Amino acid sequence: MEIITAVKGFKDILAPETDTWRHIETTALDVFRTFGFSEIRVPLVEKTELFRRGIGESTDIVEKEMYTFIDRGDESLTLRPEATASVIRAYLEHGLPTAESITKLFTIGPMFRRERPQKGRYRQFHQIDVEVLGPDAPQIDAELILMLMHFLGRLGCEQLSLQINSLGCAQCRPVFREAVVRYLSAGKDGLCPDCLRRLDTNPLRVFDCKVEQCGEVIANAPLLLGFLCPPCADHFTKLQACLNLFSVPFRVNPKMVRGLDYYTRTAFEVTTQSSGAQNAILGGGRYDHLVRDLGGPDVSGIGFAIGIERLAALMPEGKTYGAPGPRLFIAALGDRAVESGFTLCNRLRIQGIPVEIDYAGRSLKSQMKRADKMQSSFALIVGDREIEENSALLRNMHTGTQDKVALDDVDAIITILAR
RNA sequence: GUGGGUGUAGCUCAACUGGUCAGAGUGCCGGGUUGUGGCCCCGGAGGCUGUGGGUUCAAGUCCCAUCACUCACCCCA
């Protein structure tokens with residue numbers, strides 16, 4: 001009979017990778033708490049309408065990447081392709097806008113997009129999502145970025161590049177957009193087919209086209225920074241000043257445009273050289289109208305999402321985050337020894353000591369091999385001889401020395417193990 | 001959705017132009033004098049060479065199809 005395999009683009013994560021993930025998550029929890037964030041857990045499934053309104057009807061995500069299904073024959077539900085919309089939905093549903101003036105939330109979990117899988121890109125992938133709802137002071141943007149760079153530093157990730165840009169607001173962006181369309185339409189002949197399409201759908205995206213020819217056309221295109229209205233320009237300047245205050249290295253990339261429609265003003269991205277084509281490990285930005293568009297009050301928000309798969313791939317080589325081997329391995333010879341080994345083993349575990357034992361009745365030699373392979377600190381050898389006198393041999397696996405101990409004197413054993 | 005690459009033991013990979021080619025390393029299990037790990041030595045289990053067709057006297061090796069995995073485009077974390 002054939003085994004059933006996992007669905008395309010859906011991955012199992014086993015140790016030692018799970019250990020790395022756990023380390024990433026606990027570090028995030030620690031850092032984010034320090035910066036005043038609390039965790040929120042939101043459902044994996046939402047009404048489809050939430051994402052249509054939140055992410056934007058014309059985005060690729062909504063157009064062709066969502067896992068959408070009809071529940072009970074009438075309601076359209078969707079596996080979340082991102083977390084921001086869900087977090088804001090919860091924020092509104094629980095009355096948080098009026099309960100507090102600023103809300104700082106993070107959530108960690110799987111997202112689902114039905115794209116063709118490739119390196120660093122899966123149909124179920126995982127994100128650490130962080131959102132600040134309420135005020136729109138540039139200091140908020142700055143400390144959010146400061147926090148995430150600090151987080152990445154804590155993990156020991158190197159060779160990362162932070163890029164920031166301002167996408168303007170409802171006042172200044174349309175003017176810029178028009179200028180870009182005008183400029184690109186004039187230089188149409190030099191654009192690739194994809195960009196010609198973008199010209200209609202999302203002209204700003206022409207900026208990050210990888211085709212060389214398009215790059216030449218874009219080289220002299222008008223830049224958004226030149227079109228920023230005074231409030232937006234001021235916001236962006238202050239953000240940079242704050243980042244400089246903490247010596248956060250960043251590069252202003254006026255050609256960086258984020259994929260999602262809802263971003264306004266600050267947008268940022270952290271990329272890496274390694275990791276293949278999917279080099280963005282994190283992206284985020286401010287959104288001035290998303291909360292309102294989802295039926296809430298007119299408050300601003302800013303957030304970012306880190307791709308855990310992509311981040312995990314950048315973790316320092318050679319470091320392991322798994323549990324060390326057991327403190328003790330019990331090598332039991334014979335039925336009676338196995339019986340008392342079972343008792344002792346689980347007594348010690350309940351005392352909080354990691355202990356392993358082999359019930360298979362193998363030779364002492366193979367049990368010792370196993371103890372060694374598991375990197376156990378000690379081995380306890382119990383055979384008929386020892387059982388007769390209620391004793392056991394406690395062997396230090398590093399030094400090779402061993403002492404006779406009383407088999408039922410759990411305290412004495414613990415004392416030696418603790419050394 | 002489009003294009004490229006790859007499919008041989010649990011894992012990493014061999015097998016020249018089709019002809020003992022079904023292998024190695026590693027891992028797993030066991031053994032190397034009585035009940036003692038790491039190094040070393042020996043042995044064992046484990047694969048209808050992804051699947052289905054075709055060409056041929058003969059196919060892991062060539063052709064077609066299919067599935068899976070993978071990389072890239074689109075897009076994005």
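The values are calculated or read from the model by the stated rules, or taken from the named source; none is laboratory data. Fair warning: this is a prediction, and the values are worked out from it, not measured in the lab. Don't worry about glycine lacking a Cβ; one is built from the backbone with ideal geometry, like all the others, and counts go over all protein chains shown. Ligands, DNA and RNA are stripped out before the accessible areas are found, and what is left, the full protein with its side chains, is counted by its heavy atoms. Shrake-Rupley method; radii C 1.70, N 1.55, O 1.52, S 1.80 Å.
Residues that are among the hydrophobic types (A, V, I, L, M, F, W, C) and assigned by TED's automatic domain parsing to the domain that holds A:Tyr263 number at least 1 in the following helices (runs of 4 or more DSSP H) confined to the range A:274-359: A:290-293, A:308-312. Annotation: of all residues in the range A:317-340 being under 20 Å from A:Ala418 (Cβ atoms) and within 16 Å of RNA strand B (Cβ to nearest atom), the one that is surrounded by the fewest Cβ atoms within 10 Å (Cβ to Cβ) is A:Pro324. In the range A:246-301, what residues are open to solvent by 60 Å² or more (accessible area, probe 1.4 Å) and among the aliphatic types (A, V, I, L, M)? Scanning the range A:246-301 gives a single hit, A:Ala277.
Residues that are hydrophobic (A, V, I, L, M, F, W, C) and buried (at least 16 other Cβ atoms within 10 Å of the Cβ) within the range A:393-409 comprise A:Leu393, A:Leu394, A:Met397, A:Val405, A:Leu407, listed in sequence order. Looking across the range A:277-310, the residues that are more than 20 Å from A:Gly109 (Cα to Cα) and charged (D, E, K, R) come down to A:Arg286, A:Asp288, A:Arg292, A:Asp293, A:Asp298.
Candidates in the range A:381-406 are the residues that are in a strand (DSSP E or B) and within 44 Å of the chain's Cα centre (by Cα); of these, the one that is nearest to RNA strand B (Cβ to nearest atom) is A:Arg395. Take the conditions (1) within 16 Å of RNA strand B (Cβ to nearest atom); (2) touching a Gly at 6+ places or on another chain (Cβ under 7 Å); A:Ser161 misses just one of them, which is (2).
Can you name every residue in the range A:1-22 that is under 23 Å from A:Tyr122 (Cβ atoms), hydrophobic (A, V, I, L, M, F, W, C) and over 18 Å from the mean Cα position of the chain (by Cα)? A:Ile3, A:Ile4, A:Ala6, A:Val7, listed by residue number. Of the residues contained in the range A:176-184, one or more are found to be outside the structural domain of A:Asp293 (by TED's automatic domain parsing), touching a residue at least 24 places away in the same chain (Cβ under 8 Å) and open to solvent by 20 Å² or more (accessible area, probe 1.4 Å). Counting the residues of the range A:1-59 that are assigned to a helix (DSSP H, G or I), more than 22 Å from A:Met315 (Cα to Cα) and touching a strand residue (DSSP E or B) at 6+ places or on another chain (Cβ under 7 Å) gives 2. Looking only at residues of the range A:361-380 that are more than 8 Å from RNA strand B (Cβ to nearest atom) and assigned to a strand (DSSP E or B), we find that the one that is surrounded by the most Cβ atoms within 10 Å (Cβ to Cβ) is A:Leu380.
Here A:Gly226, A:Gly190 are screened, and the one residue that is out of contact with any Pro (no Cβ under 9 Å at 6 or more places or on another chain) and among the small types (Gly, Ala, Ser) is A:Gly190. Of all the numbered requirements in (1) buried (at least 18 other Cβ atoms within 10 Å of the Cβ); (2) within 16 Å of RNA strand B (Cβ to nearest atom); (3) modelled with pLDDT of 95 or more, A:Phe32 misses one, and that requirement is (2).
Once the range A:267-305 is narrowed to residues that are under 15 Å from A:Leu160 (Cα atoms) and of a type in the set (Val, Ile, Thr), the residue that is nearest to RNA strand B (Cβ to nearest atom) is A:Ile281. Just one of the listed residues (A:Glu49, A:Glu39, A:Glu25) is under 22 Å from the mean Cα position of the chain (by Cα), surrounded by 12 or more Cβ atoms within 10 Å (Cβ to Cβ), more than 16 Å from RNA strand B (Cβ to nearest atom) and of a type outside the set (A, V, I, L, M), namely A:Glu39. For A:Glu309, which of the numbered conditions (1) open to solvent by less than 40 Å² (accessible area, probe 1.4 Å); (2) closer than 22 Å to A:Phe32 by Cβ; (3) touching a helix residue (DSSP H, G or I) at 6+ places or on another chain (Cβ under 7 Å) fails to hold? Condition not satisfied by A:Glu309: (3). Within the range A:47-69, residues that are small (Gly, Ala, Ser) sit with their Cβ atoms under 9 Å from residues that are part of a loop (DSSP other than H, G, I, E, B), at 6+ positions apart or across chains, in these pairs: A:Gly54/A:Glu82; A:Gly54/A:Tyr262; A:Gly54/A:Leu294; A:Gly56/A:Leu260; A:Gly56/A:Asp261; A:Gly56/A:Tyr262; A:Ser58/A:Asn202; A:Ser58/A:Asp261.
Those residues that are surrounded by 12 or more Cβ atoms within 10 Å (Cβ to Cβ) and either of a type in the set (Asp, Glu) or touching a Phe, Trp or Tyr at 6+ places or on another chain (Cβ under 6 Å) (or both), I need them from the range A:64-76; list them, please. Across the range A:64-76, the qualifying residues are A:Glu65, A:Tyr67. Selection within the range A:83-133: residues that are of a type in the set (Asp, Glu) and open to solvent by less than 10 Å² (accessible area, probe 1.4 Å). The member of this set that is nearest to A:Glu143 (Cα to Cα) is A:Glu131.
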